[in-house]
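The values are calculated or read from the model by the stated rules, or taken from the named source; none is laboratory data. Note that the structure is a prediction, hence the values are computed from the model and not measured. Here the Cβ positions follow ideal geometry from the backbone for every residue, glycine too, while neighbour counts run over all protein chains shown. Only protein heavy atoms, including side chains, enter the accessible area calculation; ligands, DNA and RNA are left aside. Shrake-Rupley method; radii C 1.70, N 1.55, O 1.52, S 1.80 Å.
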Amino acid sequence: MAINNLKTSELYNRCDIGEFDFKSTADLESLPEVIGQERAVEAVRFGVGIQRDGYNLYALGPRGIGKYSLVRRYVEEKAESKNPPSDWCYINNFKQPHKPNALELPSGMGHQLSIDMEQLIEDLHVAIPAVFESEEYRTRSQVIEQELTEHKEMAIAEIQKAAEAKNISLIHTPTGITLAPIRNDKVISIEEFKNLPEKERKQIEEDTELLQERLLKALHQAPQMEKEAREKISVLNREMAAYAVGNLVDTLRKKYHDQTAVIEHLNDVEKDVVEHFRDFLRPLGEKPSFLEAQLTGAEQTSDTRYRVNAMVVRDTDGGAPVVYEDNPSYLNLIGRVEHRAHLGTLETDFTMIRSGALHQANGGYLILDALKVLIQPFAWEGLKRALQSREIRMESLGQMTSLVSTVSLEPQPIPLQVKLILLGDRRIYYLLSYLDPEFSELFKVAVDFDERMDRNLDSQKLYARLIGTMVHDEKLLEFDSAAVARVIEHSARMVSDAEKLSTHMRGLMDLLREADHWARENSHEIVDRVDVQQAIDAADHRADRIRDRVQEEIERGTLLIDTLDTKVGQVNGLSVLRLGNFSFGQPSRITARVRIGGSKVIDIEREVELGGPIHSKGVMILSGYLGSHYMLDRPLSLTASLVFEQTYSEVEGDSASSAELYALISAISGVPVKQSLAVTGSVNQHGEIQPIGGVNEKIEGFFDVCSKRGLDGTQGVIIPASNTKHLMLRDDVCQAVEQGKFAVYSIETIDDGIELLTGMAAGQRDESGKFPEDSINARVEAKLRDFSSKMHAYVTRSESSGEKE
Amino acid sequence: MSELTAETIIRRVAVALDASAQNSQALQAAAELAASLQAELEGIFIEDINLIRLTELPFIREIRPASMTEEPFNIQRMEQELRSLARQQQQKLELVAREKGISCSFSIRRGHIRAEMMEVVTEVDVLTLCGPGRVSEIFSRQPAAFTLRADTTARQQARSAVSVVFGNARNEKRALMAAASLAKRLDTNINVLITAGSDAETDELQREAETILESQTQPVNYSRLIGNQLSDLVLATISSNSQVLLVNSNNTLITGEQLWHCLEQVSCPVLIVREQIAGN
């Protein structure tokens, strides 16, 4: 028998400020280390340190526990010790412009190259026009043109001369030219022609024909002559352009002599500038006309062809990058090729390639929120593909899904070397492990964050320093030692365990900020215990509208809860409702009815599908307990029904199983149960009381009901003994217990509870195996045996009458 | 300037139009002069009788340089082409006249080009002619519209001066005054080419010209055509980079055949200013 009427000291694990060696947080040193997350810290150090494929990290734990801060802190520490990775640029691929080349450069050089190429373009716009406006070029080109003109003129002049000798003239017609015989500067008329002797007519015709052929021949030669002249001019142009560009590019070649890829690109640039020297004859920034662009097929102007898209530029003094992408969409991770609208179409080039988070984090660390990645279309797939292939291949969503096949840019993939850290809750981690076989391959390091830490004197002192650090980081008012103690006590309450402290940093930070707010409202210069309590109460008050409504309805008698007298087959059970981050206890009436039957305990909640599986399991255990405890030698001939009265939503959990058993025992034995007590705790088949969750809220829930009706010293709550260490009850509850107005009993067995609820001894079997007379257990056994006998008689009678029939 | 101003005496500026490329230059020059004098611009399209005639000769074929094809003539096609050409020229004329804000008229004549031109000269105050096209024009009708050289357009030398022949023939100052008016409108130099037999005569003519142009604000350059030969005139016109040449119709340098030689050799339009008739 272990009924324990708990003392006030057992209901609340107070933090003794006498143990503190500081008056306020101003006296505390900042905490350099994270506390309570030793396992997570070790995992982060391991994951960040190991340089093998697949050793990416998944930090699992509830939101607000401080995953990001801890991971970022250790990752940045590691990153600082590393050399900055390479710069990455995209440059024009002169052979295949739709496949821009990636260029890797030492950190800081990408930006410099970009500037140098801009300067080169500017210089070319000066140097190239200068050579083509030079006297040398003008003279040499004029010579070629003059030569062409002379050749043409000579050809025609010879024909003209020959024609004139034969009185034939070259005549322009509206659409061409012709040769016609003339007399006195006039074309001979048909009459004149007919009047000529036949021989002369024939001669004229022959001469005209001959000259016409010569003229045609000369005309045919013209394109060839022009082609030759054009080639000569072309050679001259290249020579002049090569001279202009060579000098400028040489300077850059010297500057980047140790960068082979840059030298190769500069060589390509030089060749291309010579090919496209005319682009530089127009002023800088002036684009070719639409028609010109169409005729020449120019896709890019000189301003863009030779630019360098310094996509990822590093700080030479910085370490490895640590990137957190807040919006991890597919394009934000992999990068994108932007387009601009031009004349009703979308156009792009390599200068419009934009980096993604993977580019920025390449050579360093990328931190992402797992849930955000998973809800972004294709982001998870894109991320995995990049990690598996170890390269960043930039594809639009259309290309990736093969929905669009229009020609676009295909930038050369960039090698990827990144340590990826996903932050998420445990559910996502386990779901991914279960559903995605690639997940385990890619995320080998689990960084598991604990929501609680041990509470002892040392840890309380560390926790005080943590509070001090947060106060200083957030520039809050200093907290006095009593305020710190109250925060620590509340931290234990947050994890519903008097021997533990919460490691949920956001919850802790919220409390500190709100306490600071109330202290300022109260014109306090330092945050004291009252301010902290005010912050806790205010936060509860903001969230407890539903709790108030429930309490109100109990008080008004709408929700039926008895707190006086005794009732047969009726027990006050306790449940917890969780609404968002706020949870509260609610008493519920549990009733049981019994009759002769076939060993069946009907869980009405289950029958109507309002009972969860754990609740149903708890009820089924009751049959086992009844049978084994009372009816070892006979079949249990009992049909009982159990119900949570006035519950309209699903009931889950087995924390009411002991209350249900008490209701059953009361109903079987006919012994009334005290309604001034409420019960929580699960029970096993041996009648042992097992711990449950939400013990504080449950006690406080019943206390509130009783408190409003008036505390008379008879009310109280029965809890499992193993839940005693979880008690961190409200101050008003503690005070009521201290004053003897309310009680909290801890028990270990069902028999303990029976005695408390009925005021009668439960009764233990004696050596003969019998319960003491007038004990509850004896009554229950007698009743069940009576049910069994009656059942047996009923069955025998039924079988006899059946045989007769 | 003399009280007998060009504005009061030049009312009709004619331009001979055909299909040649130089037409545009001639049309522009005539339009500028007409605009400067508030005169009427008159386009004259002459259907060359030789073109009609050669369609009757069965053995004559036309060569089309653009397509390098040959085709025999027929009278219907030729007349249709001439009508089409006339329409084009009329539209060009009207467009230019609208741009310059001057009135215009258009007429078509048929006959021998030179004879018709000579007749027109007697009818209008100024007749603008352009060269009949040098041999290279034949090739220009071929589709070779590419630019060989990489010169920027800014570097191409712009034609600048207005040249005018000034001699001792009757009433040559009319051409000089017209040149002055045109130069003022074009904001360019005047290049006065004096045709005189001796230095003394040259000096006298220069003084006379200076008197006529005394109120002229444009720079004036005087030079003497030493040999009084057509070749000197051509050379002076080309070397002064003239965009237009004005000559009095009775100037001996370009009488008869010399006019056509001149037109063939100078690459700018030639404006023939009719000798002023007393009382006109």
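In table form, for the structure just shown:
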item	result
Unit charges on C-beta of K, R, D, E only; dipole of the stretch A:1-45, Debye	260
Length-normalised contact order of the stretch B:8-131 in % [C-alpha pairs under 8 Å, at least 6 apart]	41
Extension reserve of the A:GLN646-A:LEU579 stretch, reckoned as 0.36 nm per residue once the Cα distance is removed	22.2 nm
Percentage relative contact order, chain A, counting C-alpha pairs under 8 Å, at least six apart	17
Dipole-positive endmost among A:VAL717, A:PHE742, A:GLY693 within the stretch A:691-777 (Cβ charges, Cα centre)	A:GLY693
Per-residue average of Cβ from other chains inside 10 Å of B:61-67	6
B:MET118 accessible area, assembled protein chains, probe 1.4 Å, Å²	80
Partner chain coverage, peptide A:179-189 - average Cβ within 10 angstrom	5
Nearest-ten-degree value, helix A:481-494 long axis tilted from longest Cα axis of chain A	90
Sites A:LYS82 and A:ILE604 - FRET efficiency at Förster radius 45 Å, r taken between beta-carbons, to 0.05	0.10
Heavy-atom surface of the protein assembly as shown, accessible at 1.4 Å and reported per residue (Å²)	47
Contour minus Cα-Cα distance for A:SER408 and A:ARG506 (0.36 nm per residue)	30.7 nm
Carbon + sulfur, % of accessible area of the protein assembly as shown - ligands and nucleic acids excluded, 1.4 Å	49
Check: the protein assembly as shown dipole with +1 on Lys, Arg Cβ and -1 on Asp, Glu Cβ, in debye	1740
Cα-based helix-to-principal-axis angle, A:695-709 vs chain A, degrees rounded to 10	60
Per-selection Kirkwood Rh - the protein assembly as shown (Cα, Å, 1 d.p.)	41.2
Net lengthening on full extension, A:HIS220/A:ILE526 (0.36 nm per residue, minus Cα-Cα)	99.8 nm
Cα-projected label distance for A:GLU553 with A:GLU213, points at 7 Å along beta-carbon direction, nm	11.7
Set of the stretch A:103-120 residues, backbone N closer than 18 Å to the point 7 Å along the Cα-Cβ line of A:ASP258	A:104-113
In Å², nearest 10: area of B:ILE226 left accessible to a 1.4 Å probe	140
Set of the stretch A:498-514 residues, backbone N closer than 18 Å to the point 7 Å along the Cα-Cβ line of A:ASP454	A:498-503
Reachable lysines from A:LYS384, criterion Cα separation under 16 angstrom, eight or more residues apart if same chain	A:LYS372, A:LYS419, A:LYS444
In nm, spacing of pseudo-spin labels at B:GLU264 and A:GLU133 (7 Å Cα→C-beta vector)	4.0
Cut-off 9 Å between beta-carbons: net charge of the residues surrounding A:MET311, Lys and Arg +1, Asp and Glu -1	0
Cα lying deepest toward the dipole's positive end in the protein assembly as shown, options A:ALA310, A:ALA386, A:LEU366, charges on Cβ	A:ALA386
For the pair A and B, total buried accessible area rounded to nearest 100 Å², probe 1.4 Å	4300
Given charges at Cβ of Lys, Arg, Asp, Glu: the protein assembly as shown dipole, positive-most of A:GLY611, B:VAL244, A:ASN13	A:GLY611
Pairwise FRET efficiency - B:LYS92 versus A:ARG340, Cβ, R0 = 45 Å, nearest 0.05	0.65
In the stretch A:362-430, trypsin sites (Lys or Arg not before Pro) in a DSSP loop with at most 15 other beta-carbon atoms within 10 Å	A:ARG390
Rounded to 10°, Cα long-axis angle of helix A:38-49 versus longest principal axis of chain A	20
Cleavage-rule hits (chymotrypsin sites (Phe, Trp or Tyr not before Pro)) in the stretch A:644-753: DSSP loop, at most 16 neighbouring Cβ within 10 angstrom	A:TYR648
Distance between modelled label sites at A:HIS686 and A:MET154, nm, 7 Å Cα→Cβ extension	12.4
